[in-house]
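A short worksheet on the structure shown next.
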Amino acid sequence: MLLYLLLCLHSSGVTARVNNTCDVLLKECTDTLHCGMVLHSYRISCQKERYGLVGNCSEICRRSIIDLTTTHEGYDYLHCHCGDDEYCQTIRKRMSSCWDPRAVRVKDPGPPVDCRVAENTCQADPICLEAYRYYRSLCVEMFQGIECSRRCNNTISILIRQKLASKWEDCACNDRKCKQERSNRLRLCLGVNGNVLSCYESFKGIFLIFEGIVIFLRYFWF
């Protein structure tokens, strides 16, 4: 039974897309109308940051990065491997104050807060609010329990990287709508309910059957 549960947990892993080289992903973005337009806006808005003329990232630049990462091609481009390309490495280093895709997200160690409080905290910051709005607009099918598109997954990844959204991912739901949204997000985007929980239920069922056999043998066999 333990082996069965471990196999279930292993099968629930989400396979990520293999990162490609930056040149290939840049071409994919520029060849796509929407991504190409957002990429152009990103280059203009983040011109000073890309040239290393400023130390801190401006709000308009951070907004353009969020716009870019909400597209399939733009998200992949910002996660690309620079390899031995020194220019790419230089730009990545200069842009690290805006958004570093390699950064490890650190969760808030404090106790969970009500989800409405977490949402209000995020919405108090213009950049976090922008990421949250994309999440609400691009994850409609996930809210309805249909599917979690790649763009929806991207927006969730962007949102949880925002400093003021650190309490949002693990916030406490106190109403049915919030609980349903989280259930859909875990099941459709992370495969938790669809794999891990279903395996758990199967394991629980096997355990109950085993327990029933033990009780039967105890009272009727001996």
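For the range 31-52, the count of residues that are at pLDDT 90 or above, open to solvent by 60 Å² or more (accessible area, probe 1.4 Å), more than 24 Å from Leu188 (Cβ to Cβ) and part of a loop (DSSP other than H, G, I, E, B) is nonzero. Filtered by the rule that a residue be among the acidic types (Asp, Glu), buried (at least 16 other Cβ atoms within 10 Å of the Cβ) and at pLDDT 90 or above, the range 169-203 gives a lone residue, Glu181. Of all the residues in the range 167-194, those that are without any contact (Cβ under 8 Å) to a residue 60 or more places away in the chain and touching an Asp or Glu at 6+ places or on another chain (Cβ under 7 Å) number 4. Give the residues of the range 66-99 that are farther than 26 Å from Tyr132 by Cα, open to solvent by less than 30 Å² (accessible area, probe 1.4 Å) and not aliphatic (A, V, I, L, M), sorted by residue number. Within the range 66-99, Cys82, Cys88 qualify. Here the helices (runs of 4 or more DSSP H) wholly within the range 131-185 that include at least 2 residues being touching a Lys or Arg at 6+ places or on another chain (Cβ under 8 Å) are 150-160. The numbered conditions (1) part of a loop (DSSP other than H, G, I, E, B); (2) open to solvent by 30 Å² or more (accessible area, probe 1.4 Å); (3) in contact with a helix residue (DSSP H, G or I) (Cβ under 8 Å, 6 or more places away or on another chain); (4) not charged (D, E, K, R) are all true for Pro112 except (3). Pairs meeting the criteria (first residue in the range 49-64 and at negative phi, second residue open to solvent by 70 Å² or more (accessible area, probe 1.4 Å), beta carbons under 6 Å, at least 6 apart or on different chains) are Val54/Lys48. For the range 128-145, a residue qualifies if it is buried (at least 19 other Cβ atoms within 10 Å of the Cβ) and in contact (Cβ under 8 Å) with a residue 60 or more places away in the chain, and the qualifying residues are Glu130, Ala131, Tyr134. Number of residues in the range 115-127 that are open to solvent by less than 70 Å² (accessible area, probe 1.4 Å) and either part of a helix (DSSP H, G or I) or among the basic types (Lys, Arg) (or both) equals 7. Of everything in the range 146-156 that is touching a residue at least 60 places away in the same chain (Cβ under 8 Å) and surrounded by fewer than 19 Cβ atoms within 10 Å (Cβ to Cβ), the residue that is nearest to Cys98 (Cα to Cα) is Arg151.
The values are calculated or read from the model by the stated rules, or taken from the named source; none is laboratory data. All figures in this text were calculated on a predicted structure; none of them were measured in a lab. Virtual Cβ from ideal backbone geometry, glycine too; neighbours counted across all protein chains shown. Heads up: the accessible areas ignore ligands, DNA and RNA and are worked out on the full protein's heavy atoms, side chains in. Shrake-Rupley method; radii C 1.70, N 1.55, O 1.52, S 1.80 Å.
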